[in-house]
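Below you'll find the structure, written out as structure tokens, and then a few comments.
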Amino acid sequence: MTEQIQGDWPLYEVFVRGKRGLNHVHVGSLHAADDEMAVRHARDVYTRRNEGVSIWVVRSDAITASSPDEKDPLFAPSGDKVYRHPTFYDIPDNVPHM
Amino acid sequence: MDMNHTPDPSHLPDDDSVYEGLLVGDDSQWAFGTDFEDPLAGVDTTVPDGVDTHQLAVYCLMLADDALVMSHRLSEWCSNAPDLEEDIALANIALDLLGQARLLLARAAAADPSVVPALPDGSPVPPEDALAFFRDDREFRNVRLVEADNGDFAMTIARLLLFSTWRLALFQRLAASRDHVLSAVAVKGVKEMTYHRDYAGRWFLTLARGTDESRRRLVAGLEAIWPLHGELFTTHAAELVTAESGVGVDPATVADEVDVRLEQVFSMSGVDRPDVAPLAGVRGKTGRCGLHTEALSRLLAEMQVVARAHPTGSW
């Protein structure tokens, strides 16, 4: 109790892996006092309809994001590089998740 | 292949959204989700040999009413909890308990239909609803711990810790019941209440070791609810008879285990076991006998008023 008591809980971002999913996917955010509570809150808020089998949480302020101002220099150059797409050969039927 | 093709959204892999998978499978009866499990699928519903069906029904009512009344109290936190996240957490726990109550009320009605209140001819109300909404307080068999008013969040947490620790220990033993339905309900409930106890235990510790104010409220809440704690381990005749025939659990047999569990939480939290006397019954009779506090009457009035106004209503 020596630390300053904060009035608001920090914000966490929640990632859930669905039963059929391969990746953890961002599903939303929530408030929690600490990391463990965030996992439990995520369980209660985001997996109550049988959606998930695994949860990741991370404090929102730990995420470094690209800025909307940088949109053109970051992303526009890839807009015309059609040769980077794997569309020049047929994918065999038995290759999943493409 | 078209060099400039864009993916057809209908062929995106499932993991683009965790909710995508919910639209797959036979989910015609559900608004959301699939792969739901019927906890009684394939379960033999005949009453085992040598079991008194009336005593089994009474025992099922006891376990059902504990869950039903506790569920109602927890549901009173909807939109009132300290935080949106806690609001949903408490509602989830309430719904778990309501699910247990439904299965147990249905089992009581199946074991001995005479326990179900009579309704007007042609009433579509199923037996489980008739038991929940058309019995008076004297016919409810829940322990008095669950009917007390919620108090503040800390008191609710203290009660939930006592309740879930006790009920989890009961259900762990009930999983071995000779009655296959009770066993299936217990197996389902153990998973649910393991989480409830974890939730309550974490909050108990957090509040006890939090601020002076949170600790003061927690200690006060625990003291307020403690007089109803001893009743959890008092054996009623129906519990004894069903335990002897291998279908029920004598609550006295879980007292030591529950005590050890609670002591762990208390010592980690630096909270002393309250030194307050048990709440007396009426001539020794308490909740299991149908003798309750005034709080249950008010709770039932609110819970039952709509159903009772429409005994032939279809919901």
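Report the relative contact order of chain B, percent, no decimals, based on alpha-carbon pairs under 8 angstrom and at least 6 residues apart.
For chain B, the relative contact order is 22 percent.
Report, as an integer, the average count of C-beta atoms from other chains found within 10 Å of each Cβ along B:90-97.
1
Which value in deg cm²/dmol, rounded to the nearest 500, describes the helix-derived mean residue ellipticity at 222 nm for chain A, given -39,500 (n - 2.57) per DSSP H run of n ≥ 4 and division by the residue count?
After summing the helix terms and dividing by residue count, I get -5000 deg cm²/dmol.
Rank these for me by crowding, B:144, B:159, going from fewest to most other beta carbons within 10 Å.
B:144, B:159
From the backbone phi of segment B:241-257, what are the Karplus-calculated ³J(HN,Hα) couplings (6.51 cos²θ - 1.76 cosθ + 1.60, θ = phi - 60°) in whole Hz, Gly and Pro given as x?
Values, residue by residue: 5, 5, 5, 5, 8, x, 10, x, 10, 6, x, 4, 6, 9, 4, 5, 4 Hz.
Enter the mean number of other protein chain beta carbons within 10 Å of the beta carbon of each residue in B:80-88, as an integer.
The per-residue average across the peptide is 4.
Rank-order A:38-45, B:302-309 by packing density, defined as the average count of other C-beta atoms within 10 Å over each peptide's residues, highest first.
A:38-45, B:302-309
Using Cα pairs closer than 8 Å and at least 6 residues apart in sequence, work out the relative contact order for chain A, in percent.
Relative contact order comes out at 26 percent.
Exposure proxy check: B:88, B:93 ranked by fewest other beta carbons within 10 Å?
Taking fewest neighbouring Cβ atoms as first place, the list is B:88, B:93.
Evaluate peptide A:21-28: per residue, the Cβ atoms of other protein chains within 10 Å of its Cβ; return the mean as an integer.
4
Could you tell me which of rounded, prolate or oblate describes segment A:52-98, using a ≥ b ≥ c as the square roots of the eigenvalues of the alpha-carbon gyration tensor, with rounded for a/c under 1.5 and, failing that, prolate when a/b is larger than b/c and oblate otherwise?
The shape class here is oblate.
Give a residue-ordered list of calculated ³J(HN,Hα) values for segment B:66-78 (Karplus: 6.51 cos²θ - 1.76 cosθ + 1.60, θ = phi - 60°; whole Hz; x for Gly, Pro).
Working through the residues one at a time gives 3, 5, 5, 5, 4, 4, 5, 4, 5, 5, 5, 7, 4 Hz.
Provide the packing ranking of A:78-89, B:65-76, i.e. peptides ordered by the mean count of other C-beta atoms within 10 Å per residue, highest first.
Highest to lowest by the protection proxy: B:65-76, A:78-89.
Show me the ranking of peptides B:120-126, B:137-143 by mean Cβ neighbours inside 10 Å, starting with the highest.
Most protected by this proxy first, the peptides run B:137-143, B:120-126.
For every other residue with a beta carbon closer than 13 angstrom to the beta carbon of residue B:39, add +1 if it is Lys or Arg and -1 if Asp or Glu, then tell me the sum.
Spelling it out: positives minus negatives among the neighbours equals 0.
Starting at the first residue of segment B:207-218, write each ³J(HN,Hα) from the Karplus equation 6.51 cos²θ - 1.76 cosθ + 1.60 with θ = phi - 60°, in whole Hz, x for Gly and Pro.
Once θ is set to phi - 60°, the couplings for segment B:207-218 become 5, 5, 9, x, 8, 4, 5, 5, 5, 4, 5, 5 Hz.
Going by the alpha-carbon gyration tensor, a ≥ b ≥ c the square roots of its eigenvalues, is chain A rounded (a/c under 1.5) or, if a/c is not under 1.5, prolate (a/b greater than b/c) versus oblate?
Oblate is the answer for chain A, as a/c is 1.5 or above yet b/c matches or exceeds a/b.
Which whole-number percent is the relative contact order of segment B:183-315 (Cα, under 8 Å, 6+ apart)?
It rounds to 22 percent for segment B:183-315.
Can you give the local net charge around residue B:231? Use residues other than it whose beta-carbon is closer than 9 angstrom to its beta-carbon, Lys and Arg +1, Asp and Glu -1.
Around residue B:231, the surrounding residues sum to +2.
Can you put B:289, B:78, B:60 in order, fewest other beta carbons within 10 Å first?
Ascending Cβ contact count within 10 Å gives the list B:78, B:289, B:60.
Classify chain B from the C-alpha gyration tensor, please: rounded if a/c falls under 1.5, else prolate or oblate depending on whether a/b exceeds b/c.
Note, shape of chain B comes out oblate.
Taking amide H atoms as placed 1.01 Å from N in the peptide plane, list the residues 5 or more away in sequence, or in a different chain, whose amide H sits under 5 Å from that of residue B:178.
The answer is B:247.
Mind listing the long-range amide H neighbours of residue A:32? Cut-off is under 5 Å, sequence gap 5 or more, other chains count too, H placed in the peptide plane at 1.01 Å from N.
A:12
FYI, it's all coordinate maths here, none of it is from the lab. Computed from a prediction, not measured in an experiment: that's the story for all the values here. In this analysis, Cβ positions are derived from the backbone assuming ideal geometry, glycine residues included, and neighbour counts consider all displayed protein chains.
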